[in-house]
Amino acid sequence: MLGNSFGRLFRVTTCGESYGIGKGSGLAVIVDGVPPGLKITKGYIQKELDKRKPGVGKLNSPRKETDQCEIFAGIGQDGVTTGAPLGIIIYNVDTQKIHIDQYRAYKDIFRPGHAAYNFFLKYGEAQDWCGAGRSSGRETVARVAGGAVAKFILEREGIEVVAYTKECMGIKAKEMSFNEIKKNYRKNEINCPDFEAAKKMEKKVLEIKEEGDTAGGVVEIIAHNFPPGIGEPVFDKLNATIAHALCSIGAIKGIEFGAGFKVANMKGSENNDQPYLVGGKVRFKTNNAGGFLGGMSSGEDIIARLAVKPTPTISLEQISINMKTMKEEKLKPITRRDPTLVARIYAVAEAMMAIALLDGLYMARAYDAMAKLDKKWMDLKKK
Ligand SMILES: Cc1cc2nc3c(=O)[nH]c(=O)nc-3n(C[C@H](O)[C@H](O)[C@H](O)COP(=O)(O)O)c2cc1C
């Protein structure tokens, strides 16, 4: 399997699956590029992991994973990072035989909407048929641990990353400022800062769950206080790197930045964000561009929205193909699943956004150090 790392200078590599064998089974992340002397604690990483944890409410999977992390490398005797790669592991604790047997019974019949059809084509009989292996949503626990490290470093620079549920099954949250969103962050199970909309969304998801089905939604991610001028103008546009990071999360079917798909129906005069000066700094009156110009950050909030598909595993009987017999077969309803992914996936989106932004920042600072640009322009980049 290729492609288990993301980032150029700040880089995460993950390994592990949802049902590995033996006591040591779990998910791990190696984080490369961590500066020395940081007091990154298990507690700090755990706070991020708890956002993604299953089994905590009506809106997510009944799988009872505690998602407790251990830092096994990169912290010295004085309790601070040494500059060496940071290693974090999260053990699997809820890998019950009853569920392994269920996966075994249906291992040749792929789940519609999930990744198993392609795993048959790519890895044949050796494919990990138990719990979707590397394509399991559980893989993202290691990303969240790596993303927590990125968030810690970004926070030192005053940069915040916040994601929330913007829309679910046609119910939309009202427009809110970054500060309002932050104030109402994670105040309900679906993590929607518009409390009225949240109630309606949760009711709708529970109705769909009762039917044995699952619900989709939209997650918005905002990066606040990110400096301007970060990103490269050609292949490594910052928006392209962020899109790569976010679209690498399972179940993401669409991404838009700023005004997004609305630009298709806008005039140039409506779409162009008009600049103005405040205290000698350039700002923009609107943010249709979503925080980018020419692939580089503009200094306005970076705003991305993700279309999250309904969880593929449903509690309804489906017809699929048995890949051994190459015949159609019934696939029985499966009980352990998330009725919607939006209630947990926002934590993964924050993690991937943080990793992409920090990597972009490393690249820009490395280049700036070599470019030795006239100080006047360097100062302009500082907010
Ligand atoms: C945090 C998270 C949790 C997920 N939980 C489930 C789940 O419980 N059941 C399921 O069928 N899919 C779940 N998924 C979605 C699948 O991993 C994903 O749909 C599958 O890998 C196929 O990839 P694709 O949807 O990108 O094509 C989850 C994804 C994420 C990010």
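None of the figures in this text is laboratory data; all of them are computed from the coordinates on show. Remember, predicted model here, so these are calculated numbers, not experimental data. Positions of Cβ are generated from backbone atoms using ideal geometry, with glycine treated the same way; all protein chains shown enter the neighbour counts.
Between residue 296 and 238, the built amide H atoms are under 5 Å apart, and every one of these is 5 or more places off in sequence or on another chain. Placing unit charges on each Cβ (+1 for Lys and Arg, -1 for Asp and Glu) gives segment 5-381 a dipole about its Cα centre, and among 279, 169, 113 the Cα reaching farthest toward its positive end belongs to 169.
What is the mean projected area of the alpha carbon convex hull for segment 1-110, to one decimal in square nanometres? Spell out each step's value before the answer.
Values: hull surface 36.3 nm².
Mean shadow area of the hull around the Cα atoms is 9.1 nm².
Based on Cα atoms of segment 1-57, Rg over Rh with Rh as the Kirkwood radius reads 1.01. Each residue of segment 82-88 was assigned a 3J(HN,Hα) from its phi angle through the Karplus expression (A = 6.51, B = -1.76, C = 1.60, θ = phi - 60°), giving 9, x, 7, x, 8, x, 10 Hz with x at Gly and Pro. Exposure proxy shown here: for 66, 95, the number of other Cβ atoms within 10 Å sets the order, fewest to most, as 66, 95.
In whole angstrom, segment 230-300 maps to an equivalent ellipsoid with semi-axes of 24, 17, 10, each derived as √(5λ) from the alpha carbon gyration tensor and ordered largest first.
Ordered by the count of other Cβ atoms within 10 Å of each Cβ, fewest first, 25, 18, 269 give 269, 25, 18. Dimensions of segment 5-381 based on its C-alpha atoms, expressed as ranges along the principal axes with the largest first, amount to 68, 54, 38 Å. Only helices reaching 30 angstrom along their own axis (Cα) with mean Kyte-Doolittle hydropathy no lower than 0.5 count here, and for the DSSP H runs of the chain these are 342-371.
Where does the longest stretch of the chain lie that holds no chymotrypsin sites (Phe, Trp or Tyr not before Pro) found in a DSSP loop with 16 or fewer other Cβ atoms within 10 Å?
Details: sites that count: 185, 235.
The longest uninterrupted stretch comes out as 1-184.
Sort segment 117-233 into rounded, prolate or oblate with this rule: let a ≥ b ≥ c be the square roots of the eigenvalues of the Cα gyration tensor; rounded if a/c is under 1.5, and if a/c is not under 1.5, prolate when a/b is larger than b/c, oblate otherwise. Oblate is the answer for segment 117-233, as a/c is 1.5 or above yet b/c matches or exceeds a/b.
Extension gain for the segment residue 175 to residue 125, taken as residue separation times 0.36 nm less the Cα-Cα distance, is 13.1 nm to one decimal.
Working from label points 7 Å from Cα in the Cα-to-Cβ sense, the residue 274 to residue 98 distance is 6.4 nm. Here the dipole of the chain is about 280 debye; that uses its Cα centre as origin and unit charges on the Cβ of Lys and Arg (positive) and Asp and Glu (negative).
With neighbour counts taken as other beta-carbon atoms within 10 Å, the residues 69, 247 rank, fewest first, as 247, 69. Proximity of backbone amide H atoms, modeled 1.01 Å from N, is registered between residue 73 and 87 at under 5 Å, excluding neighbours fewer than 5 places apart on the same chain. Under 1.5 on a/c is rounded, so check that first for segment 317-358, then, if it is not, pick prolate when a/b is larger than b/c and oblate when it is not; a ≥ b ≥ c are the square roots of the alpha carbon gyration tensor eigenvalues. Oblate, since a/c reaches 1.5 and b/c is not below a/b. The loop-placed GluC sites (Glu not before Pro) in segment 105-159, going by DSSP, that have at most 15 neighbouring Cβ atoms within 10 Å of their Cβ come out as 157.
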